[in-house]
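Below is one structure, written out as structure tokens, with a few remarks after it.
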Amino acid sequence: GAEVALRVSVERRFVVVFAVSGLRMTRHGKNCTAGAVYTYHEKKKDTASSGYGTQTVRLSKDAVKDFDCCCLSLQPCKDPVVTPDGYIYEKEAILEYILHQKKEVARQLKAYEKQRSKKKMEQKELSKAAKESQVKGFLDKEMSIISKPLNPFTPVSGGPGPGSDVQPSTSAKEKKQQLPSFWIPSLTPEAKATLLKKPDKTIYCPMSGKPLKMKDLTAVKFTPVDDKVDRVGLINRQDRYVCAVTHDMLGNSVPCAVLRPSGVVVTLECVEKLIKKDMVDPVNGEKLTEKDIIVLQRGGTGFSGSGVQLQAKESRPVMQA
């Protein structure tokens, strides 16, 4: 048999005892810890199990939504609407989002007004206390005035004469320089309440981050492949809708656009070759402008060439040696 020599190697703060022989590495070699080199597979495996370090995962086609799905619910839209930036939402979902944001703004505005009124009351109390202290000081000075004549040759009792033992009092500046007794509970600093800023009343699109109003939403009308198929059967299909003009199949790999006057969905190829020649809506015959042609935001195809970010990153703390 082959001679087996045992060697002891200290790697990564622990002792590894391994055997050297003429046999080939088994199929479990990736999990072997007998190597002297810290391999990439071992590093990736340890990073995933330790909970430290940034993890990067490439998204597949199953993790990318379809072009006709809502950006909030990620489900096929029953009553779709589109924003001026081309993001499709379910009408019920986006209206509920807008109402929720308005309620949240109203709640924040109420808290801001409450804090503002409280601050005004505190300022009034401080100004009132300052006026009272001024009046009190004036009255004390008035009461300390002596009306009877004094003999300048007679020493005043308790005055700072040569024979008096009264020490001069410390000035106000010296008192300010003295450090407070921070260990006394009454003198310990207290954390002030967080100042609230005036909330912004503008509602923003959850995808683009731009201002969004209900009047900016445009109803979308998809042309189904087969009019006889109901909605449930249509959702189960992979190819559900076609171009309203050329009847080409629509999907994530096909750039699409919505015509604002009629709300129909057409391919960008149809827009460039047919519609932009006379700028007329082919469904209702209305005149079109550049703003009336809304390019839909596609969900992606799973390939990097589609222009969609297909990497998901999770930032976690890093262990430094």
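The values are calculated or read from the model by the stated rules, or taken from the named source; none is laboratory data. Note that this is a predicted model, so its numbers are computed, not measured. Glycine also receives a Cβ, built like all others from the backbone with ideal geometry; neighbour counts cover every protein chain displayed. Each accessible area value is taken on the protein alone, full model and side chains, heavy atoms only, with ligands, DNA and RNA left out. Shrake-Rupley method; radii C 1.70, N 1.55, O 1.52, S 1.80 Å.
Summary table
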{"read-out": "Failed criterion for LEU187 (all others in (1) at pLDDT below 80; (2) in contact with a Pro (Cβ under 7 Å, 6 or more places away or on another chain); (3) surrounded by 10 or more Cβ atoms within 10 Å (Cβ to Cβ) hold)", "value": "(3)"}
{"read-out": "Residues of region 209-229 that turn out to be of a type in the set (A, V, I, L, M), within 30 Å of MET249 (Cα to Cα) and either in a strand (DSSP E or B) or touching a strand residue (DSSP E or B) at 6+ places or on another chain (Cβ under 7 Å) (or both), as a count", "value": "4"}
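Conditions (1) open to solvent by less than 50 Å² (accessible area, probe 1.4 Å); (2) more than 19 Å from ALA219 (Cβ to Cβ), marked per residue:
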residue	(1), (2)
VAL254	yes, yes
GLY263	yes, no
LYS277	no, yes
VAL280	yes, yes
ASP292	yes, no
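Let's see how each residue does on (1) within 30 Å of VAL254 (Cα to Cα); (2) within 35 Å of the chain's Cα centre (by Cα):
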residue: ASP66; (1), (2): yes, yes
residue: GLU90; (1), (2): yes, yes
residue: ALA93; (1), (2): yes, yes
residue: GLU104; (1), (2): no, yes
residue: GLU113; (1), (2): no, yes
residue: SER127; (1), (2): no, no
